[in-house]
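The values are calculated or read from the model by the stated rules, or taken from the named source; none is laboratory data. Because the structure is a prediction, the values reported are computed rather than measured. Every residue, glycine as well, gets a Cβ built from its backbone with ideal geometry; the counts of neighbours run over all protein chains shown.
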Amino acid sequence: MAMAGERLLVHCLAVMLLIALVEGATNEPTICNIALTKLKLCRPAVTGKYPPPPTKECCSLMKQANLTCLCKFKEALPAFEIDPARAFALPKKCNLRTPPQCKV
Ligand SMILES: *[C@@H]1O[C@H](CO)[C@@H](O)[C@H](O)[C@H]1NC(C)=O
């Protein structure tokens, strides 16, 4: 029961954050400079048991993303079916620096 409640909480949190971010966006909804419509480019690299390395498209997305901002979503990422540990391994795989506060 406790697990179910926790999941629900995380999900609610994610949705609320998402709404807060999407509101105020003038054109394309973005999360930390990442267009939500493009988030799927990175999805294969952050889900599943043996994810493939990130694609060029995913890396260029990561390059323009505000990683510091993305860190704040660490807790909420599972609601997007994204494994936080994998998500924050991505910048490194793309030869980018992961913000120190992002260590998982
Ligand atoms: C990135 O996000 C952080 C935290 O939300 C913010 O303080 C910072 O100004 C942002 N940086 C850029 C370049 O947008």
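May I ask you to list pairs of residues, at least six apart or on different chains, whose Cβ atoms are under 9 Å apart, with the first in segment 27-51 being touching a residue at least 12 places away in the same chain (Cβ under 8 Å) and the second being among the aromatic types (F, W, Y) and within 16 Å of the ligand (Cβ to nearest atom)?
I31/F73; C32/F73
If you go through segment 45-64 one residue at a time, do you hit one that is away from the ligand (no atom under 16 Å from the Cβ) and at pLDDT below 80?
Scanning segment 45-64, I find no residue that is away from the ligand (no atom under 16 Å from the Cβ) and at pLDDT below 80, so the answer is no.
In segment 67-82, which residues are surrounded by fewer than 17 Cβ atoms within 10 Å (Cβ to Cβ) and away from the ligand (no atom under 16 Å from the Cβ)?
Within segment 67-82, P78, E81 meet the criteria.
Can you confirm whether P91 is surrounded by 13 or more Cβ atoms within 10 Å (Cβ to Cβ), over 27 Å from L8 (Cβ atoms) and modelled with pLDDT under 85? Break it down into steps so the answer makes sense when it comes.
Details: surrounded by 13 or more Cβ atoms within 10 Å (Cβ to Cβ): yes; over 27 Å from L8 (Cβ atoms): yes; modelled with pLDDT under 85: no.
Against the criterion (surrounded by 13 or more Cβ atoms within 10 Å (Cβ to Cβ), over 27 Å from L8 (Cβ atoms) and modelled with pLDDT under 85), P91 does not qualify.
For segment 57-80, what are the residues that are in a helix (DSSP H, G or I) and of a type in the set (G, A, S)? Walk me through it before giving the result.
Going residue by residue through segment 57-80, those that are in a helix (DSSP H, G or I) are 57-64, 67-71, 77-80.
Correct list: S60, A79.
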